[in-house]
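Asks: Can you read through this structure? Questions will come right after.
The values are calculated or read from the model by the stated rules, or taken from the named source; none is laboratory data. Small disclaimer: the values here were computed from a predicted structure and weren't measured. Neighbour counts run over all protein chains shown; Cβ positions are idealised from the backbone, glycine included. These area figures cover heavy atoms from the full protein model, side chains too; ligands, DNA and RNA do not enter into them. Shrake-Rupley method; radii C 1.70, N 1.55, O 1.52, S 1.80 Å.
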Amino acid sequence: MLSARNRELLGLLPSAVLVVAGFAAIFIQARSSGPGASSNLTLSHASNASLTYGAIFLALCLAAHIVIRRALPHADPYLFPIAAVLASVGIVMVYRINPVLARQQAQWMVLGLVLFAATILALRRSGVGVLERYRYTIAAVGIGMTVLPRLPGIGEQVNGAYLDVRVGGISFQPAELAKVAIVIFLASYLRDNRQLLVTAGRRVLGLTIPPMKQFGPMLIVWGAAMATLLLTRELGTSIMFYGAFLALLYVATGRFSFPLLGLLLFAFGAWFLANHVSHVHARVLAWEHPFDPALYNRPVGGSYQLAQALFAQADGGLLGTGFDQSLLRLPHELQPILPVPESDTIYAVITNELGLVGAAGLLLVYLTFVARGLKTAALARDSFSKLLATGLAFVVAMQVFVIVGGVTRVIPLTGVTLPFVAYGGSSVVMNFVLLALLLLVSDRARRPYAQ
């Protein structure tokens, strides 16, 4: 039977193969159909270049593998290879869409791996339990970061939402840091007060109402995070936070009445926002009537992006149109046919080129990642680690649901990135930090009791 080290090492090979094959396909396609300099590419050049990119990607993964096995020898051997597969799909797809953005994505990935290693090395001895001591500080930093996009001079508005902060030539989304910070706070607070939330509450109409002395501080911190996200109009992240909050509340207390009450409150809040907030109302209208000519042709706040994403997915069919075959923009025109294909609608590009089979395969990889995260939570030996791993895994699941659900018109489309795949520096960096925290929990959970 293979050791954890060898299983992880073998698991990295598919990601390197995907990078080599993906870049080779891009270069060959450019040689056969591209104008000008592209026609000068030879098959040998394409092969050498793709092998070089694959070797660099594999070298980065091997460096991270060495850090994991030296610092966390008992960690789950599948989590990092799964993340590497997702990252390989992302870097190839972003390069296929925009080579300049792909180079930036690669730089952010290197930074993410550096912080990934730093997180592991900093917490390998003390474990994630040390984060409990600073839960209010971490929560305050997370909430403060979400407000930054509304500050004049550094905040940027994109498609009606305040998402980015630009300092100098660097742009990032603070909500990506906030998602990890809020999960750490909720896991820590629920760990200390889970018993009182269950036993000291009052029953009203068959629902358990927890005592405000214990429930109040958590509601204040969580409510502040939600309020700042609504202030910045970052609805996708708000939904993601709310889902993680209800999941942790259920796992901590075992009472179905808590998430049930939360869903009822969410339904009321969604109805209120959809009818009284113009930005949300426009998103809902675009979701309900994506092919309405008036909404489709509206310059701002219309349904053009959603409708084009649906067209792209329908065009892919079962097996797809072929890699590098998506028509992203018309020749000699700067206006893209599919808006923001490298980020918001990258799932539509993948579905168009790889078909329903490729898209389902990608979702199965995500499902495997979440399943390994939840298995880590099940094996964890202390309540904080169990809740933290659950929250982190559920955040990834909710993030995938929000963006894929939006692109496929299950829910209104919002601007959340597809983890490890879509273009976005802050998303890539914080997802690697999230992965490091899961591996830290996994190492403690899988460690033999004698050690």
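Asks: Taking 22 Å as R0, compute the FRET efficiency from the Cβ-Cβ separation of V357 and T52 and round it to 0.05.
Replies: Between V357 and T52 the formula returns 0.15.
Asks: Let me ask something else. Return the Rg/Rh value of the range 312-448, two decimal places, where both radii are evaluated on C-alpha atoms and Rh is the Kirkwood radius.
Replies: Over the Cα atoms of the range 312-448, Rg/Rh equals 1.07.
Asks: Using only Cα atoms, locate the centre of the range 288-350 and the centre of the range 385-451, then give the distance between them in Å, rounded to an integer.
Replies: That distance is 26 Å.
Asks: With a Förster radius of 41 Å, plug the Cβ-Cβ distance of R125 and A314 into 1/(1 + (r/R0)^6) and report the FRET value to the nearest 0.05.
Replies: That gives a FRET efficiency of 0.20.
Asks: Taking the mean number of other Cβ atoms within 10 Å as a proxy for protection, how do you rank 295-305, 68-78 from highest to lowest?
Replies: Peptide ranking by packing, descending: 68-78, 295-305.
Asks: Measuring with a 1.4 Å probe in the full set of protein chains, what accessible area per residue, in whole Å², belongs to the range 259-314?
Replies: 59
Asks: Related question: Please sort 170-177, 12-19 by packing, taking for each peptide the average over its residues of neighbouring beta carbons within 10 angstrom, highest first.
Replies: 170-177, 12-19
Asks: Given points 7 Å out from each Cα along the Cα-Cβ axis, report the R70 to L263 separation in nanometres with one decimal.
Replies: Placing both labels 7 Å along Cα→Cβ, they lie 4.8 nm apart.
Asks: Using R₀ = 22 Å, calculate the FRET efficiency as 1/(1 + (r/R₀)^6) where r is the Cβ-Cβ separation of W271 and A294; round to 0.05.
Replies: After rounding to 0.05, the efficiency reads 0.40.
Asks: Could you provide, to the nearest whole Å², the per residue accessible area of the range 400-451 with probe 1.4 Å?
Replies: Per-residue accessible area for the range 400-451 comes out at 28 Å².
Asks: Between I170 and L101, what is the label-to-label distance in nm when each label sits 7 Å out along the Cα-to-Cβ direction?
Replies: The answer from the label model is 2.2 nm.
Asks: Same structure, new question: Let me know the whole percent of all Cα-Cα pairs from the range 266-312 that are separated by more than 16 Å.
Replies: Tail of P(r) above 16 Å: 38 percent of Cα pairs.
Asks: Each label point is 7 Å from the Cα along the Cα-to-Cβ direction; what then is the distance between the points at V17 and L151, in nm?
Replies: Each label point lies 7 Å from its Cα, and together they span 4.8 nm.
Asks: Quick one: with all protein chains in place, what share of the accessible area of the range 278-390 is carbon or sulfur, to the nearest percent (1.4 Å probe)?
Replies: Result for the range 278-390: 66 percent of the exposed heavy-atom area is carbon or sulfur.
Asks: Pull out the extension gain between V110 and H281, defined as 0.36 nm times the separation in residues minus the alpha carbon to alpha carbon distance; nm, one decimal.
Replies: Length gained, V110 through H281: 57.6 nm.
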